[in-house]
Amino acid sequence: EPYFDQLGAAPRLLGVRPSLLLETARGCWWGERSHCTFCGINGSTMAFRSKSPERAVDEIGTLIRRYRTRTFGVVDPILDMRYFRTVLPRLAEAEPRAKFCWEVKANLTRRQVAQLAAAGITTIQPGIESLSDHVLQLMRKGTTAARNIELLKWCAEYGVMPLWNLIYGFPGEAPEDYDALPDLVQSIWHLPAPVSTGPISLDRYSPFHATPEQFGMVNLRPARALRTLYPFEEHVRMNIAYYFDFDHADGRTPEQFAGPALPAVEHWMATKQRGHLWLDEDGGHLLLSDTRQRDGLAPLETELAGWQASILVACDRAQGWDDLAQLPAVRAEGVDHGELADFLSSAVERRWSVSLGAKWLTVAVHRPARLDPASVLSPSRKAVPLLRSP
């Protein structure tokens, strides 16, 4: 109340429309199963619990009516997946509409991304963190590079902004974890880039902090800045610090393996106009429109039909060889293994697709978006708008 009183009394701030912080859950349902090695957010309160759908929506409505603000930053460590069936349908049908930023797990489905957009969740913070399967395994993230790229692609399709970081320097990384990253960046150049890159930090309450020796981390000490912030003896700073510096037991530095790949990522982040790779699907025909890094030239347009179109559509989610070879169109047209291999190689070469391990993933963004919000947010019972103006 005092904040809004002061805001209303300041003539030069009459145009300010602040966002409000909102909490609907605490703890982390993923962390209960597999605590990410670097995460110290939840401390001893990892157990996940969330507000009932009725309470969550009622609090949002109350805040809108009381403060006439419709923008919210949700501070939950992770979105309750049950909200896709309960809270999000009500937000989608609510009046007045509100916008949200929410933290989510990265392995959402395309339908779920469409649900986020329909409910006004226009910004998300997904736990992407890396585009290397091995590094993601070291993190215990429970996702893959393919799933992370799928999410970036679907966010571009439905107009959801993902705020994600690329983190490196994990114990156990190898040079090959980053060898393919510059080329991968060129293929997903049109997708949302990370907002930052940096080495891991060692935080209190994380598995790294609990058992650093198991991860090859030695010489733990309070983060350097704390020497200035807290002019106490070292053992006192050790007791109060949340952030720590450390050394790798094998003598490596965080940039040792990731360093050569970082300029490509930083160029990706710094380039604002990166073009597009759009896929327009009409029946069994596809039109691919590519303006990536063409400096104002006309888009490269390619039409595909038949089994080749079926391949790119099927690879909207990462697919293995056997699944692609068994597609009805591929079998009906008698496509042999050589033809299939040549087309997949050509799609990767033209950067329509990426090859990740033994799977292929189309990176083109559908235009227009395939799902109408009205078709994805139908709850089990008709949602009643709960955010009516007073």
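Worth pointing out:
- Restricted to segment 141-172, and to residues there that are open to solvent by less than 10 Å² (accessible area, probe 1.4 Å) and in a loop (DSSP other than H, G, I, E, B), the residue that is nearest to R317 (Cα to Cα) is V160.
- Considering A325, A298, A369, the condition of being over 14 Å from K153 (Cβ atoms) and either open to solvent by 40 Å² or more (accessible area, probe 1.4 Å) or in contact (Cβ under 8 Å) with a residue 24 or more places away in the chain (or both) is satisfied by A298 alone.
- Residue count, segment 127-140 (criterion: more than 10 Å from the chain's Cα centre (by Cα), in a loop (DSSP other than H, G, I, E, B) and over 14 Å from L356 (Cα atoms)): 1
- R381 falls short of the stated requirement of being modelled with pLDDT of 95 or more, of a type in the set (K, R) and outside any strand (DSSP E or B).
- Scanning segment 173-190 for residues that are open to solvent by 30 Å² or more (accessible area, probe 1.4 Å) and either within 24 Å of C28 (Cβ to Cβ) or not in a loop (DSSP other than H, G, I, E, B) (or both) gives E176, D179, P182, D183, Q186.
- Among the residues of segment 4-56, just one is among the hydroxyl-bearing types (S, T, Y), within 23 Å of G120 (Cβ to Cβ) and free of Cβ contacts under 8 Å to residues at least 24 places away in the same chain, namely S52.
- So D342, is it at pLDDT 95 or above, in contact with a Lys or Arg (Cβ under 7 Å, 6 or more places away or on another chain), at negative phi and surrounded by fewer than 16 Cβ atoms within 10 Å (Cβ to Cβ): no
- Neighbours by Cβ (under 6 Å, 6+ apart or cross-chain): first from segment 215-241, touching a residue at least 24 places away in the same chain (Cβ under 8 Å); second open to solvent by 50 Å² or more (accessible area, probe 1.4 Å) and of a type outside the set (D, E): G216/A249; V218/A249
- Scanning segment 12-40 for residues that are closer than 22 Å to T143 by Cα, out of contact with any strand residue (DSSP E or B) (no Cβ under 8 Å at 6 or more places or on another chain) and not polar (S, T, N, Q) yields a count of 8.
The values are calculated or read from the model by the stated rules, or taken from the named source; none is laboratory data. Please read these numbers as outputs of a predicted model, since none were measured by experiment. Cβ atoms come from the backbone with ideal geometry, glycine included; neighbour counts cover every protein chain shown. Surface accessibility is based on the protein's heavy atoms, side chains included, excluding ligands, DNA and RNA. Shrake-Rupley method; radii C 1.70, N 1.55, O 1.52, S 1.80 Å.
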